[in-house]
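The values are calculated or read from the model by the stated rules, or taken from the named source; none is laboratory data. Values in this document were obtained by computation on a predicted structure and should not be read as measured data. Note that each Cβ is placed from the backbone with ideal geometry, even for glycine, and that neighbours are counted across all protein chains shown. Side chains are part of the model used for accessible areas, which takes the heavy atoms of the whole protein and leaves out ligands, DNA and RNA. Shrake-Rupley method; radii C 1.70, N 1.55, O 1.52, S 1.80 Å.
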Amino acid sequence: MSERHVEDLLDLYALGTLEPDEVESVERHLEACEACRSRAVEAKRVAALLAWAPEPRTPPPHLGATIRRHIEQLAEQEQSKRTPQPGRPLGQGGVGRTPRPPKGGVRSVTPPLGGRGVRAIAAAGLAVLVLLAGWNMVLQRRLAVLTADVATRQQVETVLRTPGARVITLTPQPAAPEARGNLIIDPEGTSAYLVADGLPTLPGDKSYQLWLADGDTRFSVGVFRGNPAGEATVFVRSPKPLGDYSGCGITIEPAGGSPGPTGEQVLRAQAYRAEGGW
Amino acid sequence: MLTRPSKMSVWGSVFSVQETDDDLIGQLVHGDIDALEALYARYARPVFSLAVRILGDEGEAEEVTQDVFERAWRHASSFDRARGRFATWLLSMTHHVAIDVLRKRRRRPQAVGGETASVTLMLVADPQADVAATASEHLNGTRVRHALQSLPDAQRTAIELAYYGGLSHLEIAATLGEPLGTIKARIRRGMERLRDALADVGLEGEA
């Protein structure tokens, strides 16, 4: 924790008007300073209220129908693609897993695709694989999961294409022997994507929670549920470099998450080192 | 539990609110397009209004609105109710998407991964901020608007350039031809006044 408090920067931080290096400095301080953290929460509350201040404008009447039509098309494309293999729209070649069927009684259209059509997405998937093949052998070897969501995959790909990015593979635990996960970490080590699949379907009152371990302390960096196919892609933002933590884990917690881990672990990785990974 | 009609013919029509946002998000996670339609009926207006305010162009605002609702559809499983309300999540996403469009228009250099990361950032919990106490969707925007408009011009301008203009404090100082310290002080004082004026906003009940 830096010694100097950052309260004079918190309003600017909340408004998103600080420069990137200042943001990093503030967040590093917030991670360790409860007083400033609570002030930052209040500053963010006020900043978020500004979203409601604009004069009300009514969107054109056709827009809702346009969006619905587009999403229905995406869902239909996804549905038809899933017909032979209802669980996983992409990435099967890389992982060789039996897809999980979606939950019963609901439309199995998630995750929807990003708007370029199934062929384009398949081609994009291949392009990603080709790109990875020429990129970094370590990353390629470790990258076990590609998400089907084009937009998210592009973001993951962006991280992967950044020199110095790393991929850490998490180990499945007895509670979820089929679960697999990779943490794709940006070169600075302060943000990452968790890409997981094979996650057991949770009852409605449960969530998955991702933790970073710092000695005996567990720090929550995300609560998620995954889609009906047992897949999840979660953006993780760490207040300090991930290399400073001793490990990470995913547990099953009550819906919405817990202050500390209470449930069974499904995935974990330990002893992260900048060069070698967890 | 389901009291909403299974099909709605026209989006944006007045929707009889029978289900909470949480109900609808739960259905959205399972790919229920009708749930998204219901959420659109509730929130298209504030989303579109914010996008117009930031971009000053209805055509671009339409594109942002479409993008935001499709992102909500794609990333519904990332929404974490424990970290805040759906409306806050959606409007945060709108803010980031619209600001990205604005910056792209200006050809402003982006931080590494900034464009995609900043958007995605809002799709998951921010460990630093429990934003559960942000604006209720039932909040009368007039009150926030009035609080902003009641600020001294210099403070309001600095805050508006930051939040709606996507400018850094350095850029605001350059734009206004004022010392950086002056800009920072104006933003702090303005935010302090907003904090006082809106102290109880955001504590209203769930839908």
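For the pair B:Asp200/A:Asp244, report the inter-label distance in nm, with labels modelled 7 Å from Cα in the Cβ direction. Each label point lies 7 Å from its Cα, and together they span 4.0 nm. Backbone phi angles across the stretch B:46-53, fed through the Karplus curve with coefficients 6.51, -1.76 and 1.60 (θ = phi - 60°), yield HN-Hα couplings of x, 5, 5, 4, 5, 5, 5, 4 Hz in residue order; Gly and Pro are listed as x. Counted by Cβ distance under 10 Å from B:Pro152, the other residues give a net charge of +3, where Lys and Arg count +1 and Asp and Glu count -1.
Taking the centroid of alpha carbons for each part, the stretch B:146-207 and the stretch B:42-92 are 22 Å apart.
Taking the protein heavy atoms of the stretch B:13-106 in the context of the full set of protein chains, the accessible area attributed to carbon and sulfur is 46 percent at 1.4 Å. With the charge dipole of the stretch A:153-278 set up from +1 on Lys and Arg Cβ and -1 on Asp and Glu Cβ about the Cα centre, the Cα lying farthest toward the positive end among the listed residues A:Pro261, A:Ile185, A:Leu242 is that of A:Ile185.
Solvent-accessible area lost on pairing B with A (1.4 Å probe, both sides summed) amounts to about 7000 Å².
Counts of other chain beta carbons within 10 angstrom of each beta carbon in peptide B:42-54 average 4. Remark: mean inter-chain Cβ contacts per residue of A:15-27 equal 5, using a 10 Å Cβ-Cβ cutoff to other protein chain atoms.
Given a 1.4 Å probe and the protein chains as shown, A:Arg166 ends up with an accessible area of around 50 Å². Protection proxy ranking for B:144-154, B:93-103, using the average of other Cβ atoms within 10 Å per residue and placing the highest first: B:93-103, B:144-154. With both labels modelled 7 Å from their Cα along Cα-to-Cβ, the A:Thr58 to A:Thr217 distance reads 5.3 nm. With both labels modelled 7 Å from their Cα along Cα-to-Cβ, the A:Ala32 to A:Glu76 distance reads 5.8 nm. Shielding of peptide A:234-243 by partners, expressed as the average count of other chain Cβ atoms within 10 Å per residue Cβ, is 3.
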